[in-house]
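These notes are about the structure you will find just below.
The values are calculated or read from the model by the stated rules, or taken from the named source; none is laboratory data. Note that this is a predicted model, so its numbers are computed, not measured. We place every Cβ from the backbone using ideal geometry, glycine too, and count neighbours over all the protein chains shown. Protein only, heavy atoms only, side chains kept; ligands, DNA and RNA dropped before computing areas. Shrake-Rupley method; radii C 1.70, N 1.55, O 1.52, S 1.80 Å.
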Amino acid sequence: MASPTETPRGPLTGIVVLDLGQVYQGPYAALLMAQAGATVVKIEPPSGEPLRTRELTGRKTLPAMATLNQHKRGITLNLKHARGPELLLALAERADVLIENYAPGVMDRLGVGANVLMAANPRLVYATGTGYGLSGPDRDHLALDFTVQAASGAMSVTGFADGPPVKAGPTWIDFLSGTHMYAGIMTALFERERTGRGRLVEIAMLDAAIHTLASQLEWVYDKGEVPPRVGNQQGSFMLAPYNAYATKDGGTLVLLCLTEPHWTNLAGAMGRPELADDERFRTTPRRVRNRSEVDALVGAWCASQTRDEAAEKLRAAKVPSAPVRDVREALHREHLHARGALEWFEHPSLGRIALPQSPIRLHGSPPAHAARNPNLGEHNREIYGAWLGLSPAEVDTLARDGAI
């Protein structure tokens, strides 16, 4: 079993990251750095971060905890204790990056905000993730992925026209903003190579989410309308076919035609080559105008096929398409395991699980393989001892006093 202290060598080897992140956003940015070779120290309160709660009640580790904290060392620190800010300051003086996604102002009130830590270590890149940002009238609104899906407008365009707004299944804004946090950190580290100084990097979940509404902007700016919910169709009705279709075995298949050759290929795959020259469907604008007829034709063909039969015929015809797989099926896909995007791992609490690995492929650098997430405070003696020079007895005293 791989140890969480076995950080793979990679382009970020030698970079030290303090990860005060919680749940998904901050920990994901730190995970990407760890899997690129950085030394990442996950800092949790003595009671654990929110994802740790289940584990501390005697139940199994959350899979998200196992996934997001691979290749990290784990320590505890009570920032509300008198010694807490002092210990974090000492750690920050030795770090390259600090990541946190507390609400705005929390770190400042604890006495360890960006100004304090960057004054002590001018080379520090301080990355903060919030829901609505450090500025603006909504700054102090409570934010979770669900609430930002609602506030951003994304939820208003998700679902079907005759139903209510629906949130997306995955917590996509957390991970999208975590990816942006990683990008901001790497940009600041690149700048530091030239200037020798760190920078405050700020990521707001709302800011990241707004960019995803590109397809809906046409409704607002070209048509002067509020974008509707369009189900599985293209957000601005610019393409047809573009939908999800039921198959005869109870499955679902999505397909779209982005170009005219795609439509010609689809017509051939359906055994209806004459549709490619049908005046109603010959161009994308005409298919959009007649999209109900297009959907009826494509839907009837899909209903005559099993999901996998249709998927194979469309793949062979080079029509953009994919079967709708459930999560269990996706986790067992050979393709993802062959690429190393998923890796089977015997976790001490969860058993055999497929752990996602970094989607960033740095060719020529050895990949980081699946590893166990650290236990709560597992590396207290290593970090506080080797880094800060505290004796085992001093570390024990800090723990007994509730400082760590």
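Would you please name the residue that is farthest from Thr259 (Cα to Cα), looking only at residues in region 200-243 that are in contact (Cβ under 8 Å) with a residue 40 or more places away in the chain and among the polar types (S, T, N, Q)?
This residue is Thr212.
Tally the residues that are in a loop (DSSP other than H, G, I, E, B), farther than 17 Å from Glu293 by Cβ and open to solvent by 50 Å² or more (accessible area, probe 1.4 Å), restricting the search to region 249-274. Walk me through how you get there before you give the answer.
First, pick out the residues of region 249-274 that are in a loop (DSSP other than H, G, I, E, B): 249-251, 257-259, 270-272.
Narrowing the set further to residues that are farther than 17 Å from Glu293 by Cβ leaves 249-251, 258-259, 271.
Narrowing the set further to residues that are open to solvent by 50 Å² or more (accessible area, probe 1.4 Å) leaves 249-250, 258-259, 271.
Qualifying residue count, region 249-274: 5.
Does region 184-192 contain any residue that is under 24 Å from the mean Cα position of the chain (by Cα), assigned to a helix (DSSP H, G or I) and surrounded by fewer than 14 Cβ atoms within 10 Å (Cβ to Cβ)?
Residues of region 184-192 under 24 Å from the mean Cα position of the chain (by Cα): 184-190.
Okay, now just the ones that are also assigned to a helix (DSSP H, G or I), so 184-190.
This time we only want the ones that are surrounded by fewer than 14 Cβ atoms within 10 Å (Cβ to Cβ), so: 187, 190.
Scanning region 184-192 turns up at least one residue that is under 24 Å from the mean Cα position of the chain (by Cα), assigned to a helix (DSSP H, G or I) and surrounded by fewer than 14 Cβ atoms within 10 Å (Cβ to Cβ).
Only one residue in Lys60, Lys80 is more than 27 Å from Asp396 (Cβ to Cβ) and more than 21 Å from the chain's Cα centre (by Cα). Which one? Walk me through it before giving the result.
Values: Lys80 fails: more than 27 Å from Asp396 (Cβ to Cβ).
Result of the check over Lys60, Lys80: Lys60.
Quick grid of which residues meet (1) among the small types (Gly, Ala, Ser); (2) modelled with pLDDT of 95 or more; (3) more than 27 Å from the chain's Cα centre (by Cα):
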residue	(1), (2), (3)
Leu87	no, yes, yes
Tyr102	no, yes, no
Ala114	yes, yes, no
Val125	no, yes, no
Thr128	no, yes, no
Leu134	no, yes, no
Ala154	yes, yes, no
Phe160	no, yes, no
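Please indicate, with yes or no, whether at least one residue in region 353-364 is in contact with a Lys or Arg (Cβ under 9 Å, 6 or more places away or on another chain), over 22 Å from Asp19 (Cβ atoms) and modelled with pLDDT under 95.
For region 353-364, residues in contact with a Lys or Arg (Cβ under 9 Å, 6 or more places away or on another chain), over 22 Å from Asp19 (Cβ atoms) and modelled with pLDDT under 95: present.
Can you report the number of residues in region 27-50 which are closer than 24 Å to Asp401 by Cα and in a helix (DSSP H, G or I)?
Step one: list which residues in region 27-50 are closer than 24 Å to Asp401 by Cα, which gives 41-50.
After this cut, where a residue has to be in a helix (DSSP H, G or I) as well, the list is 50.
Qualifying residue count for the region: 1.
Matching residues to (1) of a type in the set (A, V, I, L, M, F, W, C); (2) out of contact with any strand residue (DSSP E or B) (no Cβ under 8 Å at 6 or more places or on another chain); (3) over 30 Å from Gln216 (Cβ atoms):
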{"position": "Met118", "(1), (2), (3)": "yes, no, yes"}
{"position": "Leu124", "(1), (2), (3)": "yes, no, yes"}
{"position": "Ser152", "(1), (2), (3)": "no, yes, no"}
{"position": "Phe190", "(1), (2), (3)": "yes, yes, yes"}
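Within region 25-47, is there a residue that is among the hydroxyl-bearing types (Ser, Thr, Tyr), in contact with a helix residue (DSSP H, G or I) (Cβ under 7 Å, 6 or more places away or on another chain) and at pLDDT below 95?
To start, the set of residues in region 25-47 that are among the hydroxyl-bearing types (Ser, Thr, Tyr) comprises 28, 39, 47.
If we keep only those that are in contact with a helix residue (DSSP H, G or I) (Cβ under 7 Å, 6 or more places away or on another chain) as well, we get 28.
Next cut, at pLDDT below 95 only: none.
Checked against the condition, which is being among the hydroxyl-bearing types (Ser, Thr, Tyr), in contact with a helix residue (DSSP H, G or I) (Cβ under 7 Å, 6 or more places away or on another chain) and at pLDDT below 95, region 25-47 yields no hits at all.
Give the residue that is surrounded by the fewest Cβ atoms within 10 Å (Cβ to Cβ), with candidates limited to residues of region 193-220 that are among the small types (Gly, Ala, Ser) and at pLDDT 95 or above. Full working, then the answer.
Step one: filter region 193-220 for residues among the small types (Gly, Ala, Ser), giving 196, 198, 204, 208-209, 214-215.
Cutting the leftovers down to at pLDDT 95 or above gives us 196, 198, 204, 208-209.
Details: Gly196: 9, Gly198: 24, Ala204: 24, Ala208: 23, Ala209: 21.
Within region 193-220, the match that is surrounded by the fewest Cβ atoms within 10 Å (Cβ to Cβ) is Gly196.
Filter region 344-364 for residues that are open to solvent by 50 Å² or more (accessible area, probe 1.4 Å), out of contact with any Ser or Thr (no Cβ under 9 Å at 6 or more places or on another chain), under 20 Å from Leu62 (Cβ atoms) and of a type outside the set (Lys, Arg) and give the result.
Trp344, Glu346
Give the residues of region 51-86 that are open to solvent by less than 40 Å² (accessible area, probe 1.4 Å) and assigned to a helix (DSSP H, G or I), sorted by residue number.
Leu51, Arg52, Ala64, Met65, Ala66, Thr67, Leu68, Gly84, Pro85
Please determine, by comparing only the residues of region 139-149 that are under 18 Å from the mean Cα position of the chain (by Cα) and without any contact (Cβ under 8 Å) to a residue 40 or more places away in the chain, which one is surrounded by the most Cβ atoms within 10 Å (Cβ to Cβ).
Here is the first cut: in region 139-149, the ones under 18 Å from the mean Cα position of the chain (by Cα) are 143-149.
If we keep only those that are without any contact (Cβ under 8 Å) to a residue 40 or more places away in the chain as well, we get 144, 146-147.
Working: Leu144: 14, Phe146: 14, Thr147: 18.
In this case the residue turns out to be Thr147.
Could you figure out which of (1) open to solvent by less than 30 Å² (accessible area, probe 1.4 Å); (2) modelled with pLDDT under 95 isn't true of Lys223?
Only one criterion in (1) open to solvent by less than 30 Å² (accessible area, probe 1.4 Å); (2) modelled with pLDDT under 95 is unmet by Lys223, namely (1).
How many residues does region 377-404 contain that are open to solvent by 50 Å² or more (accessible area, probe 1.4 Å), more than 19 Å from Val16 (Cα to Cα) and among the hydrophobic types (A, V, I, L, M, F, W, C)?
2
Filter region 1-21 for residues that are in contact with a helix residue (DSSP H, G or I) (Cβ under 8 Å, 6 or more places away or on another chain), part of a loop (DSSP other than H, G, I, E, B), at pLDDT 95 or above and of a type outside the set (A, V, I, L, M, F, W, C) and give the result. Outline the logic, then answer.
Quick first cut of region 1-21, residues in contact with a helix residue (DSSP H, G or I) (Cβ under 8 Å, 6 or more places away or on another chain) only: 5, 7, 12, 15, 17-21.
From what's left, part of a loop (DSSP other than H, G, I, E, B): 5, 7, 12, 15, 20-21.
Filter again for at pLDDT 95 or above, leaving 12, 15, 20-21.
Residue satisfying the conditions is Gly21 alone.
Where residues in region 150-165 are open to solvent by 30 Å² or more (accessible area, probe 1.4 Å) and free of Cβ contacts under 8 Å to residues at least 60 places away in the same chain, which of them is farthest from Leu206 (Cα to Cα)?
That would be Asp162.
Between a residue in region 8-19 that is open to solvent by 20 Å² or more (accessible area, probe 1.4 Å) and among the hydrophobic types (A, V, I, L, M, F, W, C) and any residue that is modelled with pLDDT of 95 or more and not in a loop (DSSP other than H, G, I, E, B), which pairs come within a Cβ distance under 6 Å, given they are 6 or more apart or on different chains?
Filtered contacts from region 8-19: Val16/Thr39.
Being open to solvent by 20 Å² or more (accessible area, probe 1.4 Å), touching a residue at least 24 places away in the same chain (Cβ under 8 Å) and part of a loop (DSSP other than H, G, I, E, B) is the requirement here; does Gly111 meet it? Spell out the reasoning first.
Values: open to solvent by 20 Å² or more (accessible area, probe 1.4 Å): yes; touching a residue at least 24 places away in the same chain (Cβ under 8 Å): yes; part of a loop (DSSP other than H, G, I, E, B): yes.
Answer is yes for this residue.
Got a sec? Which helices (runs of 4 or more DSSP H) wholly within region 287-338 have at least 2 residues that are within 22 Å of Met238 (Cβ to Cβ)?
Details: elements: 291-303, 307-316, 327-331.
Helices (runs of 4 or more DSSP H) meeting the threshold: 291-303.
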